[in-house]
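Some notes on the structure that comes next.
The values are calculated or read from the model by the stated rules, or taken from the named source; none is laboratory data. None of the values given here were measured: they were computed from a predicted structure. Every residue, glycine as well, gets a Cβ built from its backbone with ideal geometry; the counts of neighbours run over all protein chains shown. Side chains included, ligands, DNA and RNA excluded: accessible areas come from the protein's heavy atoms. Shrake-Rupley method; radii C 1.70, N 1.55, O 1.52, S 1.80 Å.
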Amino acid sequence: MNGLWIPVDLLVRDDLSHTERMVAAFVGSFKQGFYGSNEFVARSLHIEKRTADRVLASLAQKGVIGWRGNTRFCAEPYPSVSTH
């Protein structure tokens, strides 16, 4: 992996923390869906597992990531952003 690209739609959302943006970009970087565990996310991004647990749950609640069977995915396209 050469790095992460964070779409502007995620960058401008006021309801996402920097960690949520990073985790969403990481999950979204797997084009066929993400099969990894929360522990894998934590190790890969150098965050605590409990942080990964909390962030992934928050992203799912906000509709940024979801599930297809046993595979996580980033919502495509990313949720639209209000620019009021």
_For region 5-54, which positions are open to solvent by 70 Å² or more (accessible area, probe 1.4 Å), of a type in the set (Val, Ile, Thr) and assigned to a loop (DSSP other than H, G, I, E, B)?_
VAL12
*Evaluate the following for PHE73: is it out of contact with any Pro (no Cβ under 6 Å at 6 or more places or on another chain) and either at pLDDT below 90 or among the basic types (Lys, Arg) (or both)?*
yes
